[in-house]
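These notes are about the structure you will find just below.
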Amino acid sequence: MRLGRDFFARDVLRVAPDLLGKVLVRRFEDGRELKLAITEVEAYRGVGDQACHARFGKTGRNKVMWERAGLVYVYLIYGMYWMLNLVTGKEGEPQAVLIRGLKGVVPKSIEGSRWDGPGKVGKLLELDKSFYGEDVTTSCRLWVEEDNVKEDFFHIMVMERVGVEYAGEWARKKWRWKMKVQN
DNA sequence: TCGACGATTGCC
DNA sequence: GCAATCGTCGAG
């Protein structure tokens, strides 16, 4: 069952860890469908968070963060990787969850395979600028479903965020959650 | 308008 | 250790 607006419209510090084990579904134009468990996430929270793109206020790139929860915030980094974020929280409060890792569920050919790193996630899902503002509560090509990998749920590592050293004390917030590798 | 640089990755 | 690669954003 697809997650709706209410799931995403909570504080990012609750939504982010809750996304672990949920299943991200990507349906391509040719009908192919990939289902992947979310295995790693990071939270970015408001204008005060010095690691968050919203720290300088609303800009052309980040403006979707101020819109309703459940919208997609994608942006190009290093000229080659599309980073997938899901907007959370109350409308008008810029928050988002960065999807940093996935594990294959369906089809069988990808079951158990891992994509660790946000750049690899974007590449696998074939994201591009057209996903900016996509609504995962209604989209026919990208959405999130209730978890079906509950056994992993209780093995979660809480860590500092990656690649945000410029953010000073905010870089040390443990706002990154990762499912511990099984077996 | 300009130039520095990034929520990264993979190769040397 | 560092290049790739380009849209974005703060500065001027």
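The values are calculated or read from the model by the stated rules, or taken from the named source; none is laboratory data. Everything numeric here is computed off the predicted structure, so don't read it as measured data. All Cβ positions, even for glycine, are placed from backbone atoms using ideal geometry, and neighbour counts span all protein chains on display.
Here's the yes/no breakdown for (1) part of a loop (DSSP other than H, G, I, E, B); (2) out of contact with any strand residue (DSSP E or B) (no Cβ under 7 Å at 6 or more places or on another chain); (3) within 16 Å of DNA strand C (Cβ to nearest atom); (4) modelled with pLDDT of 95 or more:
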{"residue": "A:Leu24", "(1), (2), (3), (4)": "no, no, no, yes"}
{"residue": "A:Gly31", "(1), (2), (3), (4)": "yes, yes, no, yes"}
{"residue": "A:Glu40", "(1), (2), (3), (4)": "no, no, no, yes"}
{"residue": "A:Gln50", "(1), (2), (3), (4)": "yes, yes, yes, yes"}
{"residue": "A:Tyr75", "(1), (2), (3), (4)": "no, no, yes, yes"}
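Looking at A:Arg68, A:Arg14, which one is without any contact (Cβ under 8 Å) to a residue 12 or more places away in the chain and away from DNA strand C (no atom under 14 Å from the Cβ)?
Working: A:Arg68 fails: without any contact (Cβ under 8 Å) to a residue 12 or more places away in the chain.
None of the other options fit; the residue is A:Arg14.
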### Task
Exactly one condition in (1) within 14 Å of A:Leu24 (Cβ to Cβ); (2) charged (D, E, K, R); (3) near DNA strand B (Cβ under 8 Å from one of its atoms) is not met by A:Glu126; state its number.
(3)
### Task
Out of A:Gly101, A:Gly92, report the one residue that is more than 16 Å from DNA strand C (Cβ to nearest atom), touching a residue at least 24 places away in the same chain (Cβ under 8 Å) and part of a strand (DSSP E or B).
A:Gly101
### Query
Would a scan of segment A:29-38 turn up a residue that is touching a residue at least 24 places away in the same chain (Cβ under 8 Å), acidic (Asp, Glu) and touching an Asp or Glu at 6+ places or on another chain (Cβ under 7 Å)?
no
### Query
Is there a residue being away from DNA strand B (no atom under 12 Å from the Cβ) and modelled with pLDDT of 95 or more anywhere in segment A:145-152?
yes
### Query
Which of the residues spanning segment A:52-94 are over 21 Å from A:Arg2 (Cα atoms) and among the polar types (S, T, N, Q)?
A:Thr59, A:Asn62
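Can you name every residue in segment A:104-142 that is of a type in the set (Phe, Trp, Tyr), outside any loop (DSSP other than H, G, I, E, B) and closer than 26 Å to A:Asp49 by Cα?
Hit for segment A:104-142 is A:Phe131, nothing else.
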### Message
So for segment A:77-88 (the condition being more than 15 Å from the chain's Cα centre (by Cα), aliphatic (A, V, I, L, M), under 17 Å from A:Leu124 (Cβ atoms) and not in a strand (DSSP E or B)), does at least one residue qualify?
### Response
yes
